[in-house]
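Step one of this worksheet: look at the structure below.
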Amino acid sequence: MHELREFIGERFRGQGEASKIMVYVTSFGFRNGVPPDSDLVFDVRFLPNPNYIPKFKHLTGKNLAVARYIRSFPQTAEFTSRISDLLVYLLPHYIREGKSYLTIAFGCTGGHHRSVMMADEIARNLGKAGYHVKVTHRDIA
């Protein structure tokens, strides 16, 4: 199977051209279940929850004030850095194994605050590293 994929890839891409991978990053709420197409799932419920702050309750992690609140904790910066480094390390290995896409899911309780901010942040970091990234937020409109 791997040899066939490599042969087809070389035939249509041209010899020596680097393999590409499409990275899908999504946010979700555990109360609605883990997306079934997830390859990697990261639980961000250890981060402080903005839902308990009245002015943030009806906003999402896309809101600048909510994102700033989540980023204000040292564990957020460390987690973002460690996960970004891990993914930048892993992606070339997935490519070498012939994977053409990878779905990375970030989950929190409701899928509105922490997971949304983290999915956007990680997607931005992977984009800066040169990967093609598409972000979706399953549980927000």
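Nothing in this text is a laboratory measurement; each read-out follows from the coordinates by a stated rule. A quick note: this is a predicted structure, and the numbers were derived from the prediction, not measured. Note: ideal-geometry Cβ built from the backbone for every residue, glycine included; neighbour counts use all protein chains shown.
Here are the numbers for the structure shown:
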item	result
Number of the condition not met by HIS113 [criteria: (1) surrounded by fewer than 21 Cβ atoms within 10 Å (Cβ to Cβ); (2) touching a residue at least 12 places away in the same chain (Cβ under 8 Å); (3) touching a Leu at 6+ places or on another chain (Cβ under 8 Å)]	(1)
Residue count, the stretch 75-102 (criterion: in contact with an Asp or Glu (Cβ under 6 Å, 6 or more places away or on another chain) and farther than 25 Å from LEU59 by Cα)	1
Residue list for the stretch 78-105, filter: assigned to a helix (DSSP H, G or I) and among the hydrophobic types (A, V, I, L, M, F, W, C)	PHE79, ILE83, LEU86, LEU87, VAL88, LEU90, LEU91, ILE95
